[in-house]
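The structure appears right after this line, and notes come after that.
Nothing in this text is a laboratory measurement; each read-out follows from the coordinates by a stated rule. Computed from a predicted structure; not experimentally measured. Please note: Cβ atoms are built from the backbone with ideal geometry, for glycine as well, and neighbour counts cover all protein chains shown.
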Amino acid sequence: MALDAFDRALIAATQGGLPLVARPYEAVGAMLGVPGEQVRERLAHMLAQGLVRRIGAVPNHYRLGYTANGMSVWDVADEHVATLGPRVAALPGVSHCYRRPRHLPGWPYNLFAMLHGTSRESVQQQADEIAALLGDACRGHDILYSTAILKKTGLRLKE
């Protein structure tokens, strides 16, 4: 998809995030001199074309009180991961969940689920719930706790 001048202006206006206001598309539209509906429609088109993968909120879990954040990693039997993965992803404490290839012999894990809690004990309780859900299909797991906040950024255009 070729970007026109409006696309570039829209990306530049939103690459730092949408404004934290009740009507963010209207606010971006006001910056660009167009109606908010045009901003929404163009972003939807960019999504449909695959230029933008998603539009979503990225909360700062630490500021929300979730100071124990851990990526739980699971060694799930391959014949069950496609069925069990979506069930893990639907759990309330899981912010994102995905399947990745194993890297044997040192990394047997193929299902990842990010967990957030106010303590490591609360994260461990969530992991115990996942372990119960996975049952005998799970051959092992671990939790890799976050030690730093990483900067998360979206689409950026080079000047």
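Summary of values
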| item | result |
| --- | --- |
| The stretch 23-153, relative contact order [Cα under 8 Å, separation at least 6], % | 28 |
| Cβ charges +1 (Lys, Arg) and -1 (Asp, Glu), total dipole of the chain, debye | 460 |
| Descending semi-axes in Å of the stretch 46-131, equivalent ellipsoid built from Cα gyration tensor | 22, 22, 12 |
| Cα coordinate range in the chain, projected on the principal axes (Å, largest first) | 57, 34, 27 |
| Spacing of the two label points (7 Å from each Cα toward its C-beta) at His103 and Arg53, in nm | 1.7 |
| Added length on full extension, which subtracts the Cα-Cα distance from 0.36 nm per residue, Ala2 to Glu79 | 23.6 nm |
| Per-residue [θ]222 nm for the chain (sum of -39500 (n - 2.57) over DSSP H runs n ≥ 4, rounded to 500) | -11500 deg cm²/dmol |
| Phi to ³J(HN,Hα) by Karplus 6.51 cos²θ - 1.76 cosθ + 1.60 over the stretch 103-119, Hz, x for Gly, Pro | 10, 6, x, x, 10, x, 7, 10, 10, 10, 9, 7, 10, 10, x, 8, 7 |
